[in-house]
Structures are given as C-alpha cells and as structure tokens.
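Worksheet: the structure to be examined is printed underneath.
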Amino acid sequence: MTDWPKESIAIGILGLGVVGSGTVDLLMRNRAEIERKIGMPFRIKRIAVRNPDKKRSVSVDRSLLTTNVSDVLDDPDIDIVCELIGGISPAKDFVLRALQNGKHVVTANKEMIAKEGHALMEQASLKRLDFQFEGSVGGGIPIIQPMKNALAGNQVNEVVGIINGTTNYILTKMTQEHADFDEVLREAQSHGYAEADPTSDIEGLDAQYKIAILGSIAFTSRVAVNEVYVEGITRITAADIACAEELGYTIKLLGIARRVGDDRMQVRVHPALLANSHPLAATNDVYNAILIKGDSVGDVMFYGRGAGSGPTGSAVVGDIMDVCRNLKFGSTGRIACTCFGHKIMQPIEEVFHLD
Ligand SMILES: NC(=O)c1ccc[n+]([C@@H]2O[C@H](COP(=O)([O-])OP(=O)(O)OC[C@H]3O[C@@H](n4cnc5c(N)ncnc54)[C@H](OP(=O)(O)O)[C@@H]3O)[C@@H](O)[C@H]2O)c1
C-alpha cells in the first residue's frame, strides 16, 4: 500500500523474459537519469520467475529472484507491480491480487487487456490506482498514452495500423524476394522473427487483441475481441503480391477501427491492398506504424519497433515513470477507463469500402 507523499519507490516485477529483461536492463542502465526525471530514487525489490537458474539476457542479483509470486504481490513495501508474464491465467489473478493489495500495475499483456481489461480497470479505479499498459500495443511506439492524453480532445474517426511485426516481416520478404509464404515463414523462424508456433501472429490474433484495445480507446466504447473480424496472411501467395505490385499496390496486414455514424463502428484485421503512395505502405520488415485520424488534429502517424526487449522495455519503463510521478504528487488513478459508451459492431458483410 502506498502513502503520499512518496520519497522512494519500490518496484516488483513478475516475469524476466523478453520484456522483463528489457525493462530491468533499461531501469538499471539509465537509473541516474530516470531518478532525476521522477524526482526520487527507486529500487527493484523482487522479480518473480518460474526458473531462477535460467540464463538471462540481463544480469541481476540472484537474491532478487523468487519463484513465489507472494514475495511481489503481498510485500507491503512494493508500490508498483509490473506484470510481464503474459496470457490470461495466472496473470489476471496476479494482477487482481496486486490491485486488491493497493499496488499500481504496469503491464504489456495485450491478451489480458483486450479480454479482461474492463474488470481490471474497474478494480484499479475503485482504489484510485494507476493501471498502465502502453507496452501492450506497438511495442516501443507510444500510442496508448498519446491517445489518452495529447489526442484526448479529438473525436477519433479512424485508427489503421500495421500492428504485427512478424506478419509485416513475412509480407515484406515475400514482396522483395518474390518468395512463397511457407519459405519466408521458415526463414523468419530461423531469424527469431517468428515464434516456433506462429499461429497467433500469422492468423491475425495478436493484431486482433491490439486493434480491440486501440478501438476501445478511440471510440470510448468497449470492443469485444470476439466481435473483431479476423483473417490472417496464410492464404496470401507470391502471385497475389506480384499482381498487387503490377497495379501499384502493396499487401499489408492491417488492423482497422473506423467510426460509422454516431453509434456504430467497424473493427477488423485482414490483409489489404494499400496504394504505394499510402503513408503506411513504406512500413517494412518488423516495423509497425499506426495512423490516427482525429477531427481536430487530422492525420497523425506513429512508427517504430513494434516488439522486442528494448522497445517494449522502453514502453514499460515510461509507464513506471508515469506512475512514479503520480505517486510523488498524490495524483494516481487520474485516468480511469474511458469506455463510457456502447457502439455496435458493423458486421463484416456490410463493410463495402475495404481500403
Ligand atoms: N516479446 C515481445 O516482444 C512483446 C512485445 C509486446 C508485448 N509483449 C507482451 O509482454 C508479455 C511478456 O512477454 P515476453 O515475450 O517477455 O514473454 P516471455 O519471454 O515468455 O517471458 C515470460 C516470463 O514470465 C515468467 N513466468 C511465466 N509464468 C510465471 C509464473 N507463473 N510465475 C512467475 N513467473 C512466470 C517466465 O519465467 P521463466 O523465465 O523462469 O520461465 C518468464 O521470465 C506478454 O503479455 C506479451 O504479450 C511482448
């Protein structure tokens, strides 16, 4: 439980994998600068993992590691819990327990936010706790915070993005090398750009979670993941790409969330033809880009590395620092869930203008 004003911050971390390591590495590497920016010292008090003997890409004092999550969740000294395990179970229960224990939460867990974010945010709001999830969409690209802060005055009419690095890498290679899907997938796996089980990426599920999160924020209305139309890239052939190229188009897997009139929305993930002159068309390899259309700002585009240890660690650390600043000034829980409305999903059969 946290008392205000805070003079130092204790952080507990669940998970020291790809994102956990990037987070810890950045916190340690830039400690002096981070502490100056937040105006107080911090310490990483405990890190929960499954196997404390595993070789890590970041070196941490062995005494920080624990296999007992209670050492993080139930430690009264810990102010902020970073959930970097992934999936729904047991991550959701851990997050709920952290919130019940009065801890602020930072997570990069897109599946948990897309499916269970509402309940978790309600719990955080009840206790005026911060609940931040910048790393859940776009890896290192700031997108959630800008939508909730700098762009908050706009009515967002559309969010369209390349939000999965693995599929963008595969489509880029298929385009550049005129190669078939299976061949490029194998190459992507050998380079570590695709998982051994690539289903979530190539079938569009990862993008489905992310566009559900972005759509919910854009339209202040909860987007149910199972209502988001999804089609992956497994049926795209080298011939499709060659044909698109001849016509001046490129094929990209897009996540699209579009406002339809006052009370409806379209939220979908599928491969789409983009004119080569489209601002997203030049987003290649593992890069991600997200274009937002606001009624005042016009078009704004965000571009960068959509995954990986360093980029996602950067997003998590940004969130941690935001919580620290709120803790310092007693202003936690400022930005609660913004899903006030209830927009109806337009069925895919009624979507005529695919672009
Ligand atoms: N990887 C990315 O580029 C990326 C980008 C954006 C968002 N994310 C999201 O970030 C989250 C973490 O992803 P990741 O790639 O870092 O996963 P990961 O490399 O598989 O790491 C997961 C970590 O959680 C630990 N863990 C798993 N179950 C646990 C339990 N019951 N108790 C304690 N620790 C447990 C593991 O411990 P051991 O190491 O001991 O096995 C491991 O350190 C996911 O929600 C993912 O969607 C990932």
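What the table shows:
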read-out: Among residues of region 219-244, those that are part of a strand (DSSP E or B) and over 21 Å from T167 (Cβ atoms), counted; value: 1
read-out: Hits in region 280-320 (condition: charged (D, E, K, R), away from the ligand (no atom under 14 Å from the Cβ) and touching a strand residue (DSSP E or B) at 6+ places or on another chain (Cβ under 7 Å)); value: K293, D295, D299
read-out: Tabulated pairs, region 189-204, first in a helix (DSSP H, G or I), second open to solvent by 50 Å² or more (accessible area, probe 1.4 Å), C-beta under 6 angstrom, 6+ apart or interchain; value: I202/T234
read-out: Residues of region 81-100 satisfying the condition of being more than 18 Å from Y209 (Cβ to Cβ) and either away from the ligand (no atom under 13 Å from the Cβ) or of a type in the set (G, A, S) (or both); value: L96, A98, L99, Q100
read-out: Filter result for the condition that a residue is at pLDDT below 95, over 23 Å from the mean Cα position of the chain (by Cα) and surrounded by fewer than 13 Cβ atoms within 10 Å (Cβ to Cβ), over G341, G298, G330; value: G330
read-out: Criterion: aliphatic (A, V, I, L, M), in contact with a His (Cβ under 6 Å, 6 or more places away or on another chain) and either buried (at least 18 other Cβ atoms within 10 Å of the Cβ) or modelled with pLDDT of 95 or more (or both) - qualifying residue of L84, L64, L27, L129; value: L129
read-out: Cβ pairs under 9 Å, 6+ apart, first in region 49-63 and of a type in the set (K, R), second open to solvent by less than 100 Å² (accessible area, probe 1.4 Å) and more than 10 Å from the ligand (Cβ to nearest atom); value: R56/V24
read-out: Residue list for region 97-112, filter: open to solvent by 40 Å² or more (accessible area, probe 1.4 Å) and either of a type in the set (S, T, Y) or out of contact with any Leu (no Cβ under 7 Å at 6 or more places or on another chain) (or both); value: Q100, K110, E111
read-out: Test result for D77, more than 9 Å from the ligand (Cβ to nearest atom), within 27 Å of F329 (Cβ to Cβ) and surrounded by fewer than 18 Cβ atoms within 10 Å (Cβ to Cβ); value: yes
read-out: Selection status of V323, more than 17 Å from V156 (Cβ to Cβ), within 16 Å of the ligand (Cβ to nearest atom) and within 23 Å of the chain's Cα centre (by Cα); value: no
read-out: Set K103, K37, K45: member being more than 14 Å from the ligand (Cβ to nearest atom), under 21 Å from S136 (Cα atoms) and not β-branched (V, I, T); value: K103
read-out: Flag for K252 being charged (D, E, K, R) and in contact with a Pro (Cβ under 9 Å, 6 or more places away or on another chain); value: yes
read-out: Listing of strands (runs of 3 or more DSSP E) fully contained in region 1-119 that carry 3 or more residues being within 30 Å of S216 (Cβ to Cβ); value: 9-14, 80-83, 104-107
read-out: Odd one out for A281, checked against (1) over 30 Å from I34 (Cα atoms); (2) touching a Gly at 6+ places or on another chain (Cβ under 9 Å); value: (2)
read-out: Flag for G135 being within 16 Å of the chain's Cα centre (by Cα), of a type outside the set (A, V, I, L, M, F, W, C) and either in a helix (DSSP H, G or I) or over 15 Å from L14 (Cα atoms) (or both); value: yes
read-out: Output for region 203-224, where each listed residue is farther than 16 Å from A152 by Cβ and surrounded by fewer than 22 Cβ atoms within 10 Å (Cβ to Cβ); value: E203, L205, R222, A224
read-out: Yes/no for V286 being closer than 15 Å to T167 by Cα, open to solvent by 30 Å² or more (accessible area, probe 1.4 Å) and touching a helix residue (DSSP H, G or I) at 6+ places or on another chain (Cβ under 6 Å); value: yes
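The values are calculated or read from the model by the stated rules, or taken from the named source; none is laboratory data. Please read all numbers here as calculations on a predicted model, not as lab measurements. Neighbour counts run over all protein chains shown; Cβ positions are idealised from the backbone, glycine included. Accessible surface is based on the protein model in full, side chains and every heavy atom, while ligands, DNA and RNA are left aside. Shrake-Rupley method; radii C 1.70, N 1.55, O 1.52, S 1.80 Å.
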